[in-house]
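These notes are about the structure you will find just below.
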Amino acid sequence: MKTTSIIAIALAALATTAVAQEPVTTPTPAPVAPEVGPAAPAAATTPVAALPGTTARDVIAAWHSGAVTLGGQATDVTGDSSKFNEYRSVPEGLLAPAFHLGGQTSEVRYDFRGYTMQSDDQRYTLKADFKSARLDADFLRLPHYFGNEGHSLLSDTSAGFFTAGTGLQQRYQTAITSVPKSAVTFNFLNALVTPDFATAGSTDLKLVRSRGHVDLDLTRGKPVDVRLSYLHEDRSGDRAAAGASFGFGDVVEIPEPVDYVTQDVAAVASMDRSWGSVRGTVRYNWFTNNVPVLNFANPFRYTDSTDASAYQAPSTASVAGASLGRLALPPDNAAWTGSAGATFKLPGKTRVIADLSYGRWTQNSTPFIAYTTNSAITTPIAAANINTLPTQRLDGKADVINQSYTVSSRPVKHLTLTGRVRSYDFKNDTTRVTFPGYVRFDGVWEDIGRVSVPNAYRNDKAEVTASYDFGAVTLEAGYKYTGFHREFRETEKTTENGLIFAANLRPHDGITLRGSYEHAKRDFNQYIAEESEDASFTNPGPPTNFLSLDEALGGPVPGRYDQARKDVDRFSGLLLIAPVDKVSVSVSYLYARDNYNDFNPDSFTADTGLYGLNRASYDSFSTDFDFTPVERVNLYAFYGLEHNKNWQRGRQSAATISLNPIDDWFSTVADKVDTWGGGASFVLIPQKLNLGATARYQKADGNNDISAPVGGAVELAKRAQGGPLGFTAYDDTKLYTITSELTYTLPRSWAVTVGGWYEDYRIDDANAAPLNYLPGGMFLNASDGNYHGTVGYLRLSYRW
């Protein structure tokens with residue numbers, strides 16, 4: 001612990017009295033500037049307008065106010081886990097200042113704030129009201145740490161290029177080609193790479209998002225509202241990890257470089273009249289990827305080579321392959337969207353709302369990459385030559401038409417009728433591109449013709465509801481319909497019909513009970529697995545997916561979870577109790593279940609259930625308590641319980657599909673999450689000394705129960721380990737958090753705040769293996785595991 005350094009931090013700074021004059025709220029892990037409004041101006045001899053532009057300029061009193069906060073912070077963290085600062089910056093030493101400036105002149109009223117303001121964690125907001133315009137702007141910079149101290153034999157030498165150390169590829173290639181292929185086993189390869197991993201460089205996987213947005217209202221206070229907006233978002237760094245693979249025996253995990261820029265400009269106009277309103281928008285959005293291609297060295301090959309089994313190298317089957325791999329990353333694209341809408345006020349308290357939008361999406365500026373980088377593949381085509389591709393670009397284009405219509409009416413007192421219709425149509429007009437074959441893992445040419453698949457769909461929704469207010473009770477009932485039309489999927493159309501029931505009870509002042517229930521059923525007319533599986537082949541062969549054989553074998557129709565038949569049940573309830581002003585209690589419950597093919601979890605055997613997802617359920621309970629016994633004390637507590645469960649069935653097959661049910665396997669995944677917490681705030685000395693504290697504990701307990709028939713492929717493969725026992729340590733986590741903050745107000749608008757927080761995070765997961773090399777692949781093994789950290793801070797501030 002760095003207790004002495006935490007206490008020793010003392011800084012002279014400017015500050016805000018509002019921090020001490022109001023009860024302390026729950027402090028956030030990273031101290032920020034207090035979100036207080038500008039100080040009220042001194043009494044003026046002339047009236048002050050509530051909003052600029054509503055009173056003549058010469059009668060508005062000018063005023064200015066501000067606040068600035070500086071401080072210092074000390075941290076003590078054990079464990080190099082990225083979880084500690086996953087979405088935040090926790091600096092040590094001097095803290096960047098936070099500020100708040102506000103004021104008003106005869107021309108403008110403004111409010112400018114800066115929060116946190118660390119290098120990777122910043123936020124600024126600006127609001128300005130002019131005579132006939134309004135400006136809203138904000139800037140956010142937010143980090144996301146995926147893992148620390150990852151190790152790799154490859155180095156990021158330039159944008160999109162990962163190269164191996166000097167001489168490493170030559171040395172490894174010599175080693176695997178100087179012995180018989182039968183000797184290239186895991187033990188041989190492990191002994192080869194282990195010394196280099198011991199001295200390999202490390203990398204932190206981190207992505208930073210910078211987002212700026214400006215909205216300008218040009219006609220404030222006018223009958224016609226015209227606004228312009230611009231958004232710019234930049235994402236840079238490394239995404240968690242890319243699966244750069246040269247085959248089944250040579251997976252090379254590397255960071256995926258990210259350098260995205262997304263921009264959006266829009267013009268919006270609207271007009272209100274006594275009969276209703278009209279509105280329209282024109283928007284242009286474009287995405288640019290400054291690293292469109294990822295290149296990565298093959299540690300085991302210095303020169304290109306190929307043979308029929310190169311996709312398994314390096315192994316006893318082959319030691320061939322490419323010296324360099326290449327992947328295409330998300331391409332540049334753009335979209336134009338125009339929309340128009342209107343709201344009509346009709347007699348009988350009736351409203352009609354209509355909105356229509358049309359968008360054009362395009363993707364054609366980023367060129368294709370070649371079939372492969374492997375120059376040894378020369379027949380039937382020179383696969384590394386980009387000129388052998390059937391086309392150089394996608395010429396992708398899609399039309400998006402979105403329509404929505406709503407009618408609401410109160411034809412008689414207490415009765416409300418509502419109807420809604422919505423249609424979202426994604427029409428993919430991209431021309432299909434046919435390829436004579438492809439290169440498997442940059443190692444082998446596969447003479448299997450493929451064709452691109454321009455997936456398209458239309459989603460139609462309709463809903464009608466009626467509610468009646470009886471006074472203490474309001475009842476509601478309705479009907480919902482969803483139709484999904486798909487192209488190049490197993491089902492051309494699925495339909496879902498559902499009923500909705502809801503009630504709102506107010507039996508007594510301070511007591512409200514709300515409940516709702518929904519039941520729906522989804523179905524389809526025809527399910528043809530080959531419609532999806534064969535769509536990308538020019539000459540489809542025998543089925544390679546077990547699901548495509550299921551119906552022919554006489555079993556239940558298989559279920560892609562987004563298309564299969566299912567029953568849906570949803571229930572929610574909320575109880576609010578506020579018997580007196582000082583006490584409030586809320587209790588809520590939610591239950592949701594998706595059940596496929598009338599599945600019964602109590603008879604989950606080889607003779608029942610679909611292949612794939614059979615059932616998924618989720619339920620949660622939460623309660624909150626708030627108590628203010630006296631004006632200077634506030635206490636609160638909360639508890640939440642969540643259960644998440646799903647049942648799945650599959651079959652283990654090799655290159656040839658198994659037709660024997662004994663090769664089935666069954667998985668039941670169950671997650672339970674408990675969350676406890678509470679807090680208190682005390683005004684120890686009115687307008688001088690405030691104290692606040694919070695505590696929170698969360699425990700997640702996961703379990704994956706896996707079983708399989710005795711004698712089947714799954715059971716035989718795991719018999720030596722006792723069979724397929726599943727995982728009791730399945731992403732189990734615990735998180736403790738305690739915070740406390742004390743603020744003392746000094747004379748002349750000064751304030752001093754001292755505080756701190758403690759966190760302890762633990763994770764237990766059977767899949768976590770602290771190794772960089774395992775059979776078949778090299779892994780970064782970046783740390784995102786256990787940690788505990790203590791943070792203390794001191795802030796001095798001033799407000800004028």
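Read the figures in this text as sums done on the coordinates, not as results from a lab. The model shown is predicted, which means the values in this text are computed figures rather than measured ones. A quick note on method: Cβ atoms are made from the backbone with ideal geometry, for glycine too, and the neighbour counts reach across all protein chains shown.
Points worth noting:
- Relative contact order for the range 699-789: 24 percent, from Cα pairs under 8 Å spaced at least 6 residues apart, divided by residue count.
- Extension reserve of the Asn385-Ala477 stretch, reckoned as 0.36 nm per residue once the Cα distance is removed: 26.8 nm
- Note: relative contact order over the chain, using C-alpha pairs below 8 Å and six or more positions apart, is 12 percent.
- Between His519 and Val293, the FRET efficiency from the beta-carbon distance, with R0 = 41 Å, is close to 0.25.
- Cross-link partners of Lys480 among aspartates and glutamates (Cα-Cα below 15 Å; sequence separation of 8 or more within a chain): Asp460, Glu463, Glu496, Glu518, Asp523, Asp567, Asp569
- Each 10 Å bin from zero up to the one holding the largest Cα-Cα distance in the range 214-290 carries the following percent of pairs: 16, 26, 20, 16, 12, 8, 3, 0.
- Candidate lysines for bridging to Lys222, where Cα separation is under 22 Å - those fewer than 8 sequence places away on the same chain excluded: Lys127, Lys131, Lys345
- Fully extending the segment from Glu86 to Tyr639 would add 196.6 nm, taking 0.36 nm per residue of separation and subtracting the current Cα-Cα distance.
- Fraction of alpha-carbon pairs over 21 Å apart in the range 160-283 - percent: 64
- Report note on the peptides 484-497, 291-304: ranked by the mean count of other C-beta atoms within 10 Å, highest first, their order is 291-304, 484-497.
- Mean residue ellipticity at 222 nm, helices only, the chain: -1500 deg cm²/dmol; runs of at least 4 DSSP H residues each add -39,500 (n - 2.57), and the sum is divided by the number of residues.
- One quarter of the convex hull surface built on the alpha carbon atoms of the chain amounts to 41.6 nm², the projected area averaged over directions.
- Hydrodynamic radius (Kirkwood) for the range 68-181, which is based on Cα pairs only, to one decimal in Å: 19.3
- Computed from the C-beta positions of Ser158 and Ala503 and an R0 of 45 Å, the FRET efficiency is 0.10 to the nearest 0.05.
- Estimated distance in nm for a label pair at Ile511 and Lys461, the labels positioned 7 Å out from Cα along Cα-to-Cβ: 3.5
- Per residue, the convex hull spanned by the Cα atoms of the range 104-240 amounts to 161 cubic angstrom.
- With Cα atoms defining each centre, the range 558-585 and the range 694-728 are spaced 30 Å apart in the structure.
- Along principal axes, Cα extents of the range 112-175, largest first, whole Å: 76, 22, 14
- Were the residues from Ser586 through Thr185 laid out at 0.36 nm apart, the gain over their Cα-Cα distance would be 138.2 nm.
- When each of Lys397/Lys566; Lys206/Lys521; Lys427/Lys566; Lys521/Lys734 is checked by Cα-Cα distance, pairs over 32 Å: Lys397/Lys566; Lys206/Lys521; Lys521/Lys734
- Mean separation of Cα contacts under 8 Å (6+ apart) over length of the range 49-207, as relative contact order %: 20
- FRET efficiency for Asn660 and Arg211, using Cβ-Cβ distance with R0 set to 41 Å, rounded to 0.05: 0.15
- Along principal axes, Cα extents of the range 280-361, largest first, whole Å: 82, 26, 17
- Between the range 673-690 and the range 116-193, the Cα center-to-center distance that results, in Å: 41
- Taken along its principal axes, the alpha carbon cloud of the range 602-674 reaches lengths of 74, 25, 12 Å, longest axis first.
- The residue list Tyr424, Leu231, Leu590 was ranked by how far each Cα lies along the charge dipole of the chain toward its positive end, using unit charges on Cβ atoms, and Leu231 comes out on top.
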